[in-house]
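The values are calculated or read from the model by the stated rules, or taken from the named source; none is laboratory data. Small disclaimer: the values here were computed from a predicted structure and weren't measured. In this analysis, Cβ positions are derived from the backbone assuming ideal geometry, glycine residues included, and neighbour counts consider all displayed protein chains. For accessibility, only protein heavy atoms count, side chains too; no ligands or nucleic acids. Shrake-Rupley method; radii C 1.70, N 1.55, O 1.52, S 1.80 Å.
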Amino acid sequence: MEQRTPQRDTARTYRNDRFSPLGFTQSLIEPTSSATGPERWMAEKFLSVAGNPPLTLDLWGTQEVTPSGATPRYRLRVADRAALYELMTNPNLAFGDLYSEGRLEMEGHMPDLLTDLYRALDQAYEKLPLFLRMLWRDQAPRSTSLKAAKDNIHHHYDMGNDFYRLWLDRAQMQYTCAYYEEPGISLEQAQLAKLELVCRKLQLQPGETVVEAGCGWGGLARYMAKHYGVKVRAFNISQEQVSFAREKAKEEGLENQVEYVLDDYRNISGEYDRFVSVGMLEHVGTDYYPDLAAVIRRHMKTEGLALVHSIGRNYPMRTNAWIEKRIFPGAYPPSITEFTSIGEAGPFSVLDVENLRLHYAETLEDWLARYEANIDTVREMYGEHFVRAWRLYLAGSIASFRANALQLFQMVLAHPENNNVPRNRKHLYTTSNVPPEGSY
């Protein structure tokens, strides 16, 4: 899908004047005169320190700046002089804000443009002057304490189930990485294949009990109950999601097998055969990993298994300032060593770690396509500002997984004294994880 530069009012351009869940300020952008020599020099230096990505910088239609030693494949149009200075001063935050405001336009396939840009930036980072690293560095994520965690989750997940229903899968409304075990399968098949893979890694047996930390819209809990005959207690602090999950469990006649608890994972009680967390660790914060490990240790039976699934990184790195401020407050994808530190904190035996990075890129491609197919509805719900912000969020996430900036880890844990553990991985692949199309 190509993002084309729209026709702009040559007299003036307004930012979105509607309320937006993203919390932007509103103002009037006045037209600017032709770019000066120093501004062109700034733009050239910006491309240089960014690793000369293959894109042309268009300075509000008055001058073009091309990268040194690279053939441009894309165009980035800066709409006004103030936007250029904002971009130079704090690109990690300003890039997203300027695009959302319509003051930055991308010509070319957005995920491809951003993938090439991220790769160039990654290669150029070590050559950045120290003062620029300090000026452009991302801020530490917000607190994920009991109170702060509720505010963080409310910001992202309680915008309304109708919004997410527009572009997530129609099988179980999974807002986590799908599993494209076979090429050409649908988003619905891939999400159900992910749920099946999780169940096989946990080696679920009928009659067992499972506790889930951070259940989203409850699809995994219902899948485990329906297909494996287990009882599940699923914890979540999003009122919107819990209400949806309870309604769906009742519709499917699973209310006696699945209990959705509106509470924080730190308040889990009881003892269970299995522990599972899919897509919640990003919101926990590394300071609280020992607490999460303690929860697993206290509430998982001696011969139990635990699975933790999370976005991650190859090395520690702060969350992008724009994502942290506008989209996912408090989010932090851990490095692989931070991720496996949960095993050390237990202590647990780490039985298996798998990286599904490219599966998440494909998941996001399907999400973005459905998002664009429903763009008019999203615009009616939240306005143009929001439409552009979430387009960038989804496209940028695709690029991050493609460019190896983000990973997707699954880890299986057991108590160290548990010798009743899988001897191999044969149980994962005895038959395909993918259900027939239309079987959901």
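Can you flag which of Lys194/Lys250; Lys248/Lys301; Lys201/Lys426 are past 20 Å Cα-Cα? Violating the 20 Å limit, Cα to Cα: Lys194/Lys250; Lys248/Lys301. With one equal scatterer per alpha carbon and no solvent term, the Debye-computed log10 I(q)/I(0) for the chain at 0.06, 0.10 1/Å reads -0.28, -0.74. A 1.4 Å probe run over the protein chains yields, for segment 225-317, 43 Å² of accessible area per residue, whole-number rounding.
Counting only alpha carbon atoms, the long axis of helix 91-100 and the longest principal axis of the chain meet at about 80°.
Rounded to the nearest 500, the 222 nm mean residue ellipticity of the chain from helices alone is -12000 deg cm²/dmol, with -39,500 (n - 2.57) taken per DSSP H run of at least 4 residues.
Farthest towards the positive end of the charge dipole of the chain, among the residues Ala414, Thr209, Ala345, is the Cα of Ala345, using unit charges on the Cβ of Lys, Arg, Asp and Glu.
Here segment 290-436 carries DSSP beta bridges of which approximately 95% are antiparallel, counting only pairs with both residues inside. Taking the C-alpha atoms only, the angle from helix 384-402 to the longest principal axis of the chain is near 70 degrees. Averaged over residues, the count of other Cβ atoms within 10 Å places the peptides 362-368, 267-273, 293-299 in the sequence 362-368, 293-299, 267-273, highest first. In a fully extended conformation the segment linking Tyr85 and Ser34 would gain 16.9 nm over its present Cα-Cα distance, using 0.36 nm per residue. Each Cα pair under 8 Å and six or more residues apart adds its separation to the average, and for the chain the resulting relative contact order is 18 percent. Between 0 and 90 degrees, the angle of helix 110-124 with respect to the longest Cα principal axis of the chain falls at about 90 degrees.
Annotation: Lys325 carries an accessible surface of approximately 100 Å², with a 1.4 Å probe and no ligand, DNA or RNA atoms counted.
Between Glu344 and Gln63, the FRET efficiency estimated from the beta carbon spacing at R0 = 60 angstrom works out to 0.65. Nonpolar atom fraction for the chain, defined as the carbon and sulfur part of the 1.4 Å probe accessible area, stands at 50 percent.
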